[in-house]
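Chemist: I have a structure I would like to understand better, so I am pasting it below and will then ask my questions one at a time.
The values are calculated or read from the model by the stated rules, or taken from the named source; none is laboratory data. Note that the structure is predicted; figures quoted are calculated from it, not measured. Here the Cβ is made from the backbone with ideal geometry for all residues, glycine too, and neighbour counts use every protein chain on show.
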Amino acid sequence: MNIHPPPFTPIQYIPPTSKPTILTTPITHLLITAHEPLPRGGNHWTIYIPNASTPTNTPPNTNPNANTTTEFTSIQIDMTPSYTTPPPNPGMKGSKGILVISTVPYIFPPRATKSFWVDIRCGYTVGDFVELLVEEGREKKLESPDGRYSPTQGASQLQHFPLSGNDICFLPDDTLIKAFQASPVIYDRGLERIVRVSEKLVIKGGRRTQPGEACILRVIAEAGERNEAYRIRMPRVYRITKVELDEYSGEWKCLILMDYIAGKTVEECWESLTPDKRTDVINQVASMMNTLQSIPVPQADQDMPGPMGHPRTPAHGGVFSLARVGPFASIRQLQEWFNGNRGILNECHKFHSQKLVLTHQKVLPRNLTLDEEGKVWLTNWSDSGLYPKGLTMWQLNRWSGLV
């Protein structure tokens with residue numbers, strides 16, 4: 001007689017009939033709790049979602065039930081090994097984990113050893129949190145090797161955004177600076193960091209975040225408002241603050257408040273795109289490059305190559321990654337620098353003066369975001385500026401391999 005085990009169910013609600021009630025329960029904060037140490041080291045971590053009547057100032061390392069007659073309940077999100085379904089990686093020990101979601105008559109179990117609160121932005125429910133956990137099949141990848149398991153993946157994505165619901169036009173600069181220091185980081189490459197401060201906004205900062213980036217984005221946005229033909233899908237700049245000299249590089253840096261662009265980078269999703277969609281992405285990028293170079297350059301900047309705005313800063317990115325170069329006072333200075341460094345650049349042709357055009361200078365898959373509608377957005381303008389069209393094409397060909 002062949003007995004087949006039941007199919008693996010990665011998420012279970014206890015009791016099953018409570019699922020609708022659990023999923024619609026609002027979340028104001030989470031309690032991340034470590035239980036007693038495991039025999040092989042580490043801790044078993046569990047998430048508790050207290051009911052709305054739980055005081056937010058309840059100490060996380062004490063049990064409120066022990067000192068009050070108020071009935072506290074919570075929804076527990078826990079992991080337990082399946083014991084029957086092996087992990088997807090043959091080299092791993094243990095078994096796939098099951099996400100167990102249930103209602104319990106307490107918040108702090110007796111075996112809890114450490115806890116801390118995580119505030120959640122308004123409007124979220126348990127269903128939203130579970131959706132984060134299972135996004136892209138993530139629940140199918142949760143495993144319990146060696147008895148160590150945790151459902152805390154995704155908790156950080158529900159962190160409160162400090163500027164949610166605020167009118168950004170009237171926020172003082174100090175508030176933006178504090179938000180940059182305290183908000184969830186979504187991008188960090190050492191010299192540049194981006195944090196998400198609300199559902200629709202981010203703040204970009206770091207030693208390589210300079211006023212010229214905000215300046216060129218504003219020039220392009222204003223051109224698009226005057227003429228629909230000049231519109232480019234890119235982040236919109238709302239505020240720039242904390243403009244100061246960097247003590248290490250001696251260059252200007254700042255914080256920029258701009259749009260959050262939702263989607264996946266082309267670098268992340270390229271392998272999953274169909275040939276037709278790949279062609280469409282390439283055509284969209286080429287169209288944006290042509291549009292960018294057709295936007296009229298402000299009169300005051302027509303003979304000033306390099307990053308836009310004032311104060312002027314050295315050129316960055318592409319061919320200028322080899323050394324600190326500039327600021328250039330004229331196209332002629334740029335021409336002299338380029339022709340004097342042809343040996344280093346491995347370039348046999350001389351550069352001849354051309355009119356300046358707006359350029360991005362870092363058209364790479366990681367800086368192209370594909371939204372839900374299949375539209376490509378051009379992000380990360382940190383190396384942008386005014387450069388001759390011929391030099392821009394040379395850089396794309398030599399550095400990006402996109403031409």
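Chemist: Are any residues in the range 248-281 touching a residue at least 40 places away in the same chain (Cβ under 8 Å) and hydrophobic (A, V, I, L, M, F, W, C), and if so, which ones?
Modeler: Those that are touching a residue at least 40 places away in the same chain (Cβ under 8 Å) and hydrophobic (A, V, I, L, M, F, W, C): Trp252, Cys254, Leu255, Ile256, Leu257, Met258, Ile261, Ala262, Val266, Cys269, Trp270, Val281.
Chemist: Can you spot a residue in the range 330-340 that is in contact with a helix residue (DSSP H, G or I) (Cβ under 9 Å, 6 or more places away or on another chain), assigned to a loop (DSSP other than H, G, I, E, B) and aromatic (Phe, Trp, Tyr)?
Modeler: no
Chemist: Take Pro296 and decide whether it is touching a helix residue (DSSP H, G or I) at 6+ places or on another chain (Cβ under 8 Å), in a loop (DSSP other than H, G, I, E, B) and at pLDDT 90 or above.
Modeler: Values: touching a helix residue (DSSP H, G or I) at 6+ places or on another chain (Cβ under 8 Å): yes; in a loop (DSSP other than H, G, I, E, B): yes; at pLDDT 90 or above: yes.
Against the criterion (touching a helix residue (DSSP H, G or I) at 6+ places or on another chain (Cβ under 8 Å), in a loop (DSSP other than H, G, I, E, B) and at pLDDT 90 or above), Pro296 qualifies.
Chemist: Tell me whether the range 101-119 contains one or more residues that are over 19 Å from Lys19 (Cα atoms), at pLDDT below 60, surrounded by 13 or more Cβ atoms within 10 Å (Cβ to Cβ) and not hydrophobic (A, V, I, L, M, F, W, C).
Modeler: Looking for residues that are over 19 Å from Lys19 (Cα atoms), at pLDDT below 60, surrounded by 13 or more Cβ atoms within 10 Å (Cβ to Cβ) and not hydrophobic (A, V, I, L, M, F, W, C), one finds none in the range 101-119, hence no.
Chemist: If you scan the range 223-260, which residues turn out to be assigned to a loop (DSSP other than H, G, I, E, B) and surrounded by fewer than 18 Cβ atoms within 10 Å (Cβ to Cβ)?
Modeler: Correct list: Asn227, Arg231, Arg233, Arg236, Asp246, Glu247, Tyr248, Ser249, Gly250, Glu251, Tyr260.
Chemist: Can you pull out the residues in the range 184-215 that are in a helix (DSSP H, G or I), hydrophobic (A, V, I, L, M, F, W, C) and surrounded by 23 or more Cβ atoms within 10 Å (Cβ to Cβ)?
Modeler: Ala214
Chemist: For Val130, indicate whether it is assigned to a helix (DSSP H, G or I) and modelled with pLDDT of 75 or more. Step through it out loud before you land on a result.
Modeler: Working: assigned to a helix (DSSP H, G or I): yes; modelled with pLDDT of 75 or more: yes.
Yes; evaluated as a whole, the condition is true for this residue.
Chemist: Tell me whether the range 178-193 contains one or more residues that are within 24 Å of Val285 (Cα to Cα) and either at pLDDT 95 or above or out of contact with any strand residue (DSSP E or B) (no Cβ under 9 Å at 6 or more places or on another chain) (or both).
Modeler: Within the range 178-193, one or more residues are within 24 Å of Val285 (Cα to Cα) and either at pLDDT 95 or above or out of contact with any strand residue (DSSP E or B) (no Cβ under 9 Å at 6 or more places or on another chain) (or both).
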